[in-house]
Amino acid sequence: MEYQKIRLRALEPEDLELLYEWENNNSYWLISNTIAPFSKYTLKKYIRNSHRSIYETGQLRFMIGLTEEKQTIGTIDIFDFDPFHKRAGVGILIANENQRRKGYATMALKCLCDYCFNTLQLHQLYCNILVNNTESIDLFKKAGFTEIGIKKEWIKTPEGFLDELMFQLIKQ
């Protein structure tokens, strides 16, 4: 799937090293609720099983690539897929800080929302964002997501607890 300068594609075996680097970068763990590293063995199995339907697994990951440069810059995920209630959660990572604030996340999110609403026929998407993650808050608001609530002192950090904002986008 392509939108402007980005392409969302399925996982490939060649993505193992990137996933290993990104999943084990503990600076991302707070926003992804990760508390332990992933082994290459676990990630190989994940990639090997990534062909399974979202209806089987309840999740789907796309790699975000730049169409002209043939460079993979991040991932965008659908999780907590609920086909009965027609909703799912969304998460995104632009891994290279030099590729952030260039509109790529906005393009990827637009492409994913189109896929979710038009192909999967979902009614709504949601995301949870820490209050100090202003880049993500700006991204999701720009994409039309509305803040619907706050989970107080939801995420424990070494400095104390952080609130987490809840956002929702309902198909119009």
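Given their separation in residues at 0.36 nm each and the Cα-Cα distance between them, Lys44 and Gln71 gain 7.7 nm when the chain is fully extended.
Subtracting the Cα-Cα distance of Asn98 and Lys5 from 0.36 nm times their residue separation leaves 31.9 nm of extension gain.
Considering only the Cα atoms of the chain, their convex hull presents on average a projected area of 10.1 nm². List the pairs from Lys44/Lys171; Lys70/Lys142; Lys44/Lys70; Lys102/Lys171 whose alpha-carbon separation is above 29 Å, in the order I gave them. In this structure, Lys44/Lys171 exceed 29 Å between Cα atoms.
Could you tell me which residue out of Met63, Tyr3, Ser50 lies farthest along the dipole of the range 1-75 toward its positive end? Charges go on the beta carbon: Lys and Arg +1, Asp and Glu -1, centred on the Cα centre. Positive-most Cα among the choices belongs to Ser50. Among the listed pairs Lys45/Lys152; Lys86/Lys141; Lys40/Lys151, those whose Cα-Cα separation exceeds 25 Å are Lys45/Lys152; Lys40/Lys151. Taken along the Cα-to-beta-carbon direction at a fixed 7 Å, the label points for Lys152 and Gln59 span 3.1 nm. Loop-located trypsin sites (Lys or Arg not before Pro) in the range 73-172 (DSSP state other than H, G, I, E, B) with a sparse environment of at most 14 neighbouring Cβ atoms within 10 Å: Arg101, Lys102, Lys171.
Please state the charge dipole magnitude for the range 2-170, taken about the Cα centre, from unit charges on C-beta atoms (+1 on K and R, -1 on D and E), reported in debye and rounded to the nearest 20.
Computed charge dipole of the range 2-170: roughly 280 debye.
Just so you know, all these numbers are worked out from the coordinates, no wet-lab data involved. The shown structure was predicted, so the numbers you read here are calculated from the model rather than taken from an experiment. Don't worry about glycine lacking a Cβ; one is built from the backbone with ideal geometry, like all the others, and counts go over all protein chains shown.
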